[in-house]
Amino acid sequence: MSILGDQLELSARVSRAKNNTLVVTCSGPGGADVAVGRQKGGAAVLLGLKNGGKGSYTVTGTGTELGVEVAATTRVTRDGQPLGSIVGEGTSARIESAGGSVLAHVNPFRGERADAAWPHPLTSPDGKQLGTLTLMRTMQAWSLQAFGYWAATWEMTGLGLKTPSAGAVLQLSAPVSDILADLLVAALVDVTTLPRGYVATT
């Protein structure tokens, strides 16, 4: 079973651990943590010289472990086996299985670059709407309700340090396949830490 399971919404918030590595915590609508992604610390990270961009993350939740190698093309493993990838295409991205089959498209946000939140429509290869993957560029994008859900569980260490983004939100219209579900969990880490965001040019 995937980390996402039958849930249709996950919110990812970004903070830093005591050693300066990034931590991405994914929570359900009620605020309960579902998965945690932790960055592997290199010298530049530990010294505070690197904030986001390429990086290696381990995501754990519901007995599953994802390896997420964040880059222009992000590679994902599940329990040590290749699962798929998130491939940047300039103004959009595609999500592929390990065999190269396209499972979903991350379409560009149609709005202003200055907006606090950038909702990216998710579609299937045949154009069906699957949901949205929203990059929260600034803290102003979050509602007070969201902060209320998290307040009781936030580790305060590192909250004041700069992070690549303010987080992301995954919202689906219906459950997806087991493989795509875990790739979308990996996409939350990818979007928040690279960070990955696309704005339509027209």
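When region 158-176 is filtered for residues that are assigned to a strand (DSSP E or B), at pLDDT 95 or above and not hydrophobic (A, V, I, L, M, F, W, C), only Gln171 remains. Take the conditions (1) open to solvent by 50 Å² or more (accessible area, probe 1.4 Å); (2) over 15 Å from Ile179 (Cα atoms); (3) touching a residue at least 24 places away in the same chain (Cβ under 8 Å); Arg78 misses just one of them, which is (2).
The set of residues from region 98-115 being open to solvent by less than 50 Å² (accessible area, probe 1.4 Å) and under 19 Å from Leu172 (Cα atoms) comprises Leu103, Ala104, Val106, Asn107, Pro108, Phe109. Residues in region 179-202 that are at pLDDT below 95 and open to solvent by 40 Å² or more (accessible area, probe 1.4 Å): Leu194, Pro195, Thr201, Thr202. Using the structure shown, decide if Leu4 is surrounded by 14 or more Cβ atoms within 10 Å (Cβ to Cβ), at pLDDT 90 or above and not in a strand (DSSP E or B). Criteria met by Leu4. Cβ-Cβ distances below 7 Å connect the following pairs, each with a first residue in region 99-125 that is over 17 Å from Gly88 (Cβ atoms), a second residue that is open to solvent by 50 Å² or more (accessible area, probe 1.4 Å), and a separation of six or more residues or different chains: Ala116/Arg137; Ala116/Gln140; Ala117/Arg137; Pro125/Val102. Only a single criterion out of (1) open to solvent by 10 Å² or more (accessible area, probe 1.4 Å); (2) farther than 27 Å from Ala200 by Cα; (3) among the aromatic types (Phe, Trp, Tyr) is not satisfied by Trp118, namely (2). Can you pull out the residues in region 29-40 that are in contact with a Leu (Cβ under 9 Å, 6 or more places away or on another chain) and open to solvent by 10 Å² or more (accessible area, probe 1.4 Å)? Scanning region 29-40 gives Pro29, Val34, Arg38, Gln39.
The values are calculated or read from the model by the stated rules, or taken from the named source; none is laboratory data. Treat the numbers as computed from the prediction; the structure is a model and nothing was measured. Note that we place each Cβ from the backbone using ideal geometry, even for glycine, and neighbour counts take in every protein chain shown. For accessibility, only protein heavy atoms count, side chains too; no ligands or nucleic acids. Shrake-Rupley method; radii C 1.70, N 1.55, O 1.52, S 1.80 Å.
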